[in-house]
Amino acid sequence: MKNSLKFILFFIAIISMLFIIPSFSNAATPVTDEESLNNAISSADVGATVTLQNNITVTKPIVIAKELTIDGNGFTVTGSSDWTSTSGNQTMFTAQFSAAKLTLKNINLQNGPKYGVQSYDGATVILNNVSITGFRYGAVLANGGNVEVQKLHLGYNGTGANNGIEIDKGAAATNNPTLTLNGVLTTDTNENVVRVAENGSLTEFTVTNTPNTTNKVVIAGDKVVLTDSADNVISETTLPEKATANADTQNAIITLVVNDKTNKIVVDLGKTITADLLKSHIQLEADYAVDGFYVDSQFATAFNFNEPINADTTIYAKISKVETNVPENVVSDNENNNAEKDETPKTGIPSYLGLAAVVIIFSTSIIISMKKKDIKG
């Protein structure tokens, strides 16, 4: 019996060691530089997480072909000025082919010869609490792959013009790119935040917005538009003629002109809008109100809210000052009533003086009458 118990305990210990040893081996090498980062990525199991323990400078692209999470732990990966790679791919992080699913979180990427991160030919990249700035070609490239934005901040990326998220398809790619907004996208500049490439092999792509997303990417006519939570236009770029966009909804842009200010709003194509919707996008000074909405700057023709929006439309809001002062010659009923009343304070002194005078006169009369009687008698 004792031998059997020892054997069982020994067997349990062996099994436990098999589970514990990989954990120790994964944690044995801190990820503090380029070499340890590459080693951790290469040795990581499918679905594992590699966590940075320091700021890291890299000198060449990092390509990932499996499901993996890189947790930056708040640290920054910087592209070296002595970039050594000579391959065609010069992106800092690339998820490659359909088996790859790269999640970047809690990480800052800065400076590089091309893009910060790329999803290539069926691969998926998820960006969760990521900041990208200083890359020569652009921040993010959906190159025949899938990009999902959960929390992303874009600094200035590109040369000459800013280039935030680029949608493209390389000549060798077999999949069409997809961009999904599922959270918050903020940017330091509103130029080309989301841009569709013109010179590649792209003919079709898809944009999707989850129900809980703050920002949206929509197609409005020939424009790719990024909006904020109130459907205000943050950025718009022209859609190349050869590229067909698949979108969950079709939209139109309302250009709302209020005095010398212009605001652009995205609305659903083919549906009517309301005056209340437009008013919700107007900030007025005190004592000003909207008199109406018109299709011309001279306010000659009123906008017809019964007609659906079937194309981009410009609407002019007529604003007037509200007069709140009461004219001087107008007297209220209360003021008339008050004017008829005697406003002299009632102290009681005049009443008592009159009564005293009456008493004195009456008393004097009685005394005189009594004296006359005495004389006669």
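The values are calculated or read from the model by the stated rules, or taken from the named source; none is laboratory data. This is a predicted model, so every value here is computed, not measured. Every residue, glycine among them, receives a Cβ derived from its backbone with ideal geometry; neighbour counts consider all protein chains shown. Calculation scope for accessible area: heavy atoms of the full protein, side chains included, ligands and nucleic acids excluded. Shrake-Rupley method; radii C 1.70, N 1.55, O 1.52, S 1.80 Å.
Would region 81-93 turn up any residue that is under 29 Å from Thr214 (Cβ atoms) and either among the small types (Gly, Ala, Ser) or surrounded by fewer than 18 Cβ atoms within 10 Å (Cβ to Cβ) (or both)? No, that holds for no residue. Only one entry in Thr237, Thr249, Thr244, Thr206 is free of Cβ contacts under 8 Å to residues at least 40 places away in the same chain and of a type in the set (Ser, Thr, Tyr), namely Thr249.
One residue stands out among those in region 259-288 that are among the hydrophobic types (A, V, I, L, M, F, W, C), farther than 19 Å from Val224 by Cβ and within 23 Å of the chain's Cα centre (by Cα): the one that is modelled with the lowest pLDDT, which is Leu284.
Every residue, every condition in (1) in contact with a Pro (Cβ under 7 Å, 6 or more places away or on another chain); (2) farther than 25 Å from Ala173 by Cα, yes or no:
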| site | (1), (2) |
| --- | --- |
| Ser85 | yes, no |
| Thr91 | yes, no |
| Thr94 | yes, no |
| Pro113 | no, no |
| Leu127 | no, no |
| Gly134 | no, yes |
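The residue of region 289-316 that is farthest from the chain's Cα centre (by Cα), among those that are within 18 Å of Ala252 (Cβ to Cβ) and among the aliphatic types (A, V, I, L, M), is Val295.
Go through region 254-271 and give me each residue that's open to solvent by 80 Å² or more (accessible area, probe 1.4 Å) and not charged (D, E, K, R). Passing the criteria: Asn259, Thr262. Within region 171-190, if we keep just the residues that are assigned to a loop (DSSP other than H, G, I, E, B), in contact with a strand residue (DSSP E or B) (Cβ under 9 Å, 6 or more places away or on another chain) and open to solvent by 20 Å² or more (accessible area, probe 1.4 Å), the residue that is modelled with the lowest pLDDT turns out to be Ala172. Of all the listed residues (Pro61, Pro30), the sole one being modelled with pLDDT under 95 and surrounded by 10 or more Cβ atoms within 10 Å (Cβ to Cβ) is Pro30. Of the residues examined, Ser36 is not one that is part of a strand (DSSP E or B), at pLDDT 95 or above and touching a Pro at 6+ places or on another chain (Cβ under 9 Å).
Checked against the criterion of being open to solvent by less than 70 Å² (accessible area, probe 1.4 Å), farther than 14 Å from Lys279 by Cβ, aliphatic (A, V, I, L, M) and at pLDDT 95 or above, region 298-306 contains one or more residues that satisfy it. Looking only at residues of region 191-217 that are among the β-branched types (Val, Ile, Thr) and not in a strand (DSSP E or B), we find that the one that is farthest from the chain's Cα centre (by Cα) is Thr203. Beta carbons closer than 8 Å, at least 6 apart along the sequence or on distinct chains, never pair a first residue in region 144-164 that is farther than 15 Å from Ala197 by Cβ and surrounded by fewer than 24 Cβ atoms within 10 Å (Cβ to Cβ) with a second that is of a type in the set (A, V, I, L, M) and modelled with pLDDT under 95. Going by what's in this entry, would Glu198 be described as open to solvent by 60 Å² or more (accessible area, probe 1.4 Å), more than 25 Å from Thr159 (Cα to Cα), touching a residue at least 12 places away in the same chain (Cβ under 8 Å) and of a type in the set (Asp, Glu)? Here the answer is no, as Glu198 does not meet what is asked.
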